[in-house]
Amino acid sequence: MTAPGGISVSARDLTRRFGDFVAVNRVTFDVRRGEVFGFLGPNGAGKSTTIRMLCGLLAPTAGEATVAGFDLRTQAESVKTRIGYMSQRFSLYEDLTVEENIDFFGGIYRIPSGRKRERKEWAIRMAGLSDHVRTRVAHLSGGWKQRLALGCAILHEPPILFLDEPTSGTDPISRRSFWDLIYSLSGGGTTVFLTTHHMDEAEYCDRLGLVYRGELVAMGSPRELKDGFPVERAEGIAPTLEDVFVSLVEGMDRAAGPVAEVRG
Amino acid sequence: MVERIRHMLVKEFLQLFRDRHMLRILILPPLLQILVFGYAVTTNVRNATTVVVDLDRTASSRDLLSRFFSSGHFRLVRETADFREAGELMNRGDAGVILHIAHGFEGALRSNRTGDLQVIVDGTDSNTASIVLSYAARITAEYSGGVRLLRMERHPVPFPGPPSVSIASRAWFNENLESRFTFLPGIIAFIVMLVTVMLTSMAVVREREIGTLEQILVTPITPAEYILGKTLPFALVGFGEILLVATVGVLWFDLPFRGSLLLLFISSGLFLSTALGIGLLISTVSRTQQQALLTMFLYFMPAVLLSGFLFPIANMPPAAQGLTYLNPLRYYLVILRGVFLKGVGVRVLWPQMAALLLLGVATLAVATRRFRKTLA
């Protein structure tokens with residue numbers, strides 16, 4: 001089920017306001033099939049709001065979006081069978097065991113009984129929890145919870161995966177193996193859309209959107225971003241993503257500054 | 001649809017039964033409540049603490065007073081000639097009743113005049129006071145009837161005929177006017193309401209708090225499936241509570257059960273739908289479990305007070321009476337008393353059942369609407 005032109009996620013002027021506050025302001029982008037696309041920006045930039053709109057958890061105030069070729073406004077139910085979503089909270093039932101969590105989400109996703117067993121075993125193996133099938137989730141470490149949450153989110157093998165700050169609160173080793181997993185999913189044709197505020201993590205993405213104050217300020221591969229933007233630094237030193245980001249953000253703040261003063 | 005709801009049910013019950021604390025809450029307080037209402041809460045007054053101030057000290061005065069204490073309703077705590085001491089005992093709460101007979105009581109009776117007995121009760125507890133006064137009136141009336149007979153023997157007069165009106169009183173449905181039979185069916189209603197409203201609102205709010213609500217909402221589950229999956233388990237728990245309390249009431253406290261079990265279950269189902277709807281509504285206005293709990297008590301107190309359980313609805317001002325029509329508890333109490341004590345059926349109880357159905361549909365519809373809105 002691929003959208004024409006191999007576009008998995010497409011947003012056009014997507015906007016979300018909360019009262020007077022514009023959390024996401026006319027954001028437009030396309031994510032290609034099988035791509036690892038990252039939304040990079042500080043906290044409060046509108047990353048989570050965007051991902052929540054694309055998952056159907058939040059209605060957009062204006063603009064359009066299609067996910068897996070389905071209109072977010074009119075075909076939300078079709079969208080939901082084709083996406084997986086994991087939030088930074090690794091939302092699992094802590095008082096249930098590993099197995100019970102998997103069984104529950106498998107049941108809610110109505111995985112055909114023929115596939116159920118296989119998917120369950122896959123999720124347990126992937127999360128490295130073969131010896132802890134009957135352990136309550138509350139007793140698991142952050143890294144294990146993260147992988148189990150991911151497993152539960154993709155039991156139904158969705159072609160598109162949304163990850164909201166997926167590596168927050170986990171140690172570097174867990175983070176590393178988590179990325180291996182994401183690459184293998186992406187290699188298998190799964191589109192991955194994730195948000196992060198870690199610069200090093202952003203480097204792993206195929207393509208990045210830099211967001212600040214609800215606006216998409218730049219887009220491209222990490223290489224393109226670093227090459228394409230003139231960064232005022234000593235010559236001969238290659239700019240990092242952080243340099244690119246900071247210079248963009250400072251530019252925006254300078255532009256917004258006088259306005260803020262007039263308002264104040 | 002059925003498949004998803006089944007998985008929700010399994011999950012809710014796993015969570016419920018894994019939570020030892022919650023299990024205790026489901027079983028102990030209902031038992032405690034039924035014991036309290038079965039044993040401790042009674043409006044029948046026995047052993048009212050009584051001080052006697054008998055200044056006459058004659059056979060007649062002693063005869064009258066002894067009738068009070070042999071009735072079982074009064075218990076002598078002190079006899080004194082000092083009226084101030086009696087007052088002091090009442091101030092301290094050691095006595096609830098003062099029986100005062102002035103000097104010259106027997107003399108008055110002998111000379112065919114009226115003898116005076118002063119009964120003073122502690123009015124701070126108006127309910128007990130009025131019950132005690134009614135006992136006193138009855139005992140005194142019996143005594144004075146006896147005195148009149150004696151007088152007629154001593155001074156025969158033409159037979160005046162029998163008293164013009166005599167009372168033949170009988171209490172139907174509760175022959176001995178046991179107050180626990182009035183209370184026990186009501187306890188079923190309270191426990192079921194408390195448990196189902198609490199479980200429903202807490203379960204939804206908890207999922208919101210830990211983020212699993214969001215996780216479920218990105219799945220293709222429909223709001224109807226989610227709401228059913230979230231309420232059905234607690235409806236079943238509610239039925240379990242009804243069985244528990246009713247069984248203890250009938251087997252332990254000899255609470256009569258004269259109606260139809262089927263009618264009890266159908267009506268309870270209707271009542272449960274209102275409780276579940278209210279639980280869901282509370283979950284839509286609460287972001288944390290504490291908020292849900294507080295909101296629940298905000299609902300619970302007026303619901304109990306305006307149900308007719310403790311205070312008769314007919315005694316309430318018209319505005320409050322109007323409010324009671326919106327209170328599901330009001331109807332369910334009538335049904336419970338009807339089924340347990342009166343043994344009446346649908347022919348009598350259909351208006352209450354219809355009202356519950358209406359309220360149930362309305363609260364569930366509003367709750368579902370609001371619930372969908374909070375999701376978007």
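A short reminder: the numbers here are calculations on the coordinates, not readings from a lab. Just so we're clear, the structure is a prediction, and the values are computed from it rather than from any experiment. Don't worry about glycine lacking a Cβ; one is built from the backbone with ideal geometry, like all the others, and counts go over all protein chains shown.
From the mean inverse distance of alpha carbon pairs (Kirkwood) and the Cα radius of gyration, derive Rg over Rh for the range B:48-154.
Working: Rg = 13.9 Å, Rh = 14.2 Å.
Checking Rg against Rh, the ratio lands at 0.98.
Using the alpha-carbon atoms, what tilt in degrees (0 to 90, nearest 10) does helix B:261-285 show relative to the longest principal axis of chain B?
With both axes taken from Cα atoms, the answer is about 70 degrees.
Per residue, how big is the convex hull of chain A when only Cα atoms are used? Give it in Å³. All intermediate terms of the calculation are to be shown ahead of the outcome.
On the way: hull volume 39.2 nm³, N = 264.
Measuring per residue, one finds 148 Å³ for the Cα hull of chain A.
Cα gyration tensor of the range B:1-108, axes a ≥ b ≥ c as square roots of the eigenvalues: rounded (a/c below 1.5), prolate (a/b > b/c) or oblate?
prolate
Using the Cα centre as the reference, give the magnitude of the dipole from point charges on the C-beta atoms of chain B (Lys, Arg: +1; Asp, Glu: -1; all else neutral), rounded to the nearest 20 debye.
On the way: 35 positive and 25 negative charges, 198 e Å.
Roughly 960 debye for chain B.
Over chain B, what is the mean sequence separation of C-alpha contacts under 8 Å (at least six apart), divided by residue count, expressed as relative contact order in percent?
Details: 443 pairs, mean separation 68.5, N = 376.
Dividing the mean separation by the residue count of chain B yields 18 percent.
Could you go through the range A:58-67 in sequence order and give the Karplus-derived ³J(HN,Hα) for each residue, using 6.51 cos²θ - 1.76 cosθ + 1.60 with θ = phi - 60°, rounded to whole Hz, and x for Gly and Pro?
Computed from phi, the couplings for the range A:58-67 are 9, 7, x, 6, 8, x, 10, 7, 10, 10 Hz.
What are the DSSP H helices in chain A that stretch 15 Å or more along their long axis, judged by alpha-carbon atoms, and whose average Kyte-Doolittle hydropathy comes to at least 0.0?
Values: long enough: A:98-108 (16 Å, 0.36); A:113-127 (21 Å, -1.66); A:142-153 (16 Å, -0.03); A:172-187 (22 Å, -0.03); A:241-263 (32 Å, 0.39).
Once both thresholds are applied, what remains is A:98-108, A:241-263.
Averaged across B:215-228, how many Cβ atoms of other chains sit within 10 Å of each residue's Cβ atom? Don't skip to the end; give the middle numbers.
Values: counts 14, 4, 5, 15, 13, 13, 5, 2, 0, 0, 1, 1, 0, 0.
Across B:215-228, the average partner-chain Cβ count within 10 Å equals 5.
Taking the 0 to 90 degree range and rounding to the nearest ten, how far is the long axis of helix B:346-375 tilted relative to the main principal axis of chain B, both from C-alpha atoms?
For helix B:346-375, the angle is close to 40 degrees.
How many lysine pairs does the protein assembly as shown hold where the Cα atoms are under 20 Å apart and the two sit 8 or more places apart or on different chains?
Lysine pairs meeting both conditions in the protein assembly as shown amount to 9.
Rounding to the nearest 20 debye, state how big the charge dipole of the range B:48-154 is about its Cα centre with +1 on each Lys and Arg Cβ and -1 on each Asp and Glu Cβ. Could the numbers behind the result be given before it?
Working: 13 positive and 14 negative charges, 87 e Å.
Computed about the Cα centre, the dipole is about 420 debye.
Toward the positive end of the charge dipole of the range B:48-154, about the Cα centre and with charges on Cβ (Lys, Arg +1; Asp, Glu -1), which of B:145, B:87, B:129 goes farthest?
Result: B:145.
Go through B:249-258, B:5-14 and give me the packing order, highest mean Cβ count within 10 Å leading. The partial results should precede the final answer.
Numbers: B:249-258: 15.6, B:5-14: 18.2.
Most protected by this proxy first, the peptides run B:5-14, B:249-258.
Work out, in µm²/s and without decimals, the Stokes-Einstein translational diffusion coefficient of the range A:90-157 at 25 °C, 0.890 mPa s, Rh from Kirkwood over C-alpha pairs. Please list the in-between numbers first.
Details: Rh = 11.5 Å.
Here the translational diffusion coefficient equals 214 µm²/s.
Per-residue mean of other chain beta-carbon atoms within 10 angstrom of the beta-carbon, peptide B:262-268?
Details: counts 0, 0, 0, 0, 0, 0, 0.
Taking the mean over all residues of the peptide, I get 0.
Just subtract the alpha-carbon distance of residue B:260 and residue B:92 from 0.36 nm times their residue separation and send over the number in nm, one decimal. Before the final figure, lay out each step's value.
On the way: separation 168, 0.36 × 168 = 60.48 nm, distance 5.01 nm.
Residue separation times 0.36 nm, minus the Cα-Cα distance, leaves 55.5 nm.
If you project the alpha carbons of the protein assembly as shown onto their three principal axes, what span does each projection cover, largest first, in Å?
Dimensions of the protein assembly as shown along the principal axes of its Cα atoms: 134, 61, 46 Å.
Scattering from the C-alpha atoms of the range B:204-306 alone, worked out with Debye: what is log10 I(q)/I(0) at q = 0.11, 0.18, 0.19, 0.23 1/Å?
For the range B:204-306 at q = 0.11, 0.18, 0.19, 0.23 Å⁻¹, log10 I(q)/I(0) is -0.47, -1.01, -1.07, -1.28.
Return the calculated 222 nm mean residue ellipticity for the protein assembly as shown, to the nearest 500 deg cm²/dmol, obtained by summing -39500 (n - 2.57) across DSSP H runs with n ≥ 4 and dividing by the residue count.
Values: 23 runs with 349 residues, N = 640.
Calculated mean residue ellipticity at 222 nm is -18000 deg cm²/dmol.
Quick check on packing: order B:102-110, A:139-147, B:147-155, A:103-111 by the mean number of other C-beta atoms within 10 Å, highest mean leading. Don't jump to the answer; show the numbers that get you there.
Numbers: B:102-110: 16.0, A:139-147: 18.7, B:147-155: 10.8, A:103-111: 21.3.
Peptide ranking by packing, descending: A:103-111, A:139-147, B:102-110, B:147-155.
Can you give the angle from 0 to 90° between the axis of helix B:328-337 and the longest principal axis of chain B, with both taken from C-alpha atoms, to the nearest 10?
Relative to chain B, helix B:328-337 is tipped by roughly 60 degrees.
Among A:37-48, B:76-87, what's the highest-first ranking by average C-beta atoms within 10 angstrom per residue? Numbers along the way, then the final one.
Working: A:37-48: 21.1, B:76-87: 14.1.
Result, highest mean first: A:37-48, B:76-87.
Could you give the nm distance between label points at residue A:113 and residue B:110, where each point is 7 Å from its Cα heading toward the beta carbon?
Those two pseudo-labels are separated by 10.0 nm.
7 Å from Cα along Cα→Cβ at both residue B:124 and residue B:166: what's the point-to-point distance in nm?
Distance between label points: 4.3 nm.
Return an integer: the convex hull volume of the alpha-carbon atoms of chain B, in Å³ per residue. If you can, show how the numbers build up before the last one.
On the way: hull volume 69.7 nm³, N = 376.
In chain B, the Cα convex hull volume per residue is 185 Å³.
Could you check the spin-label model distance between residue A:252 and residue A:198? Points 7 Å from the Cα along Cα→Cβ, value in nm.
2.2 nm
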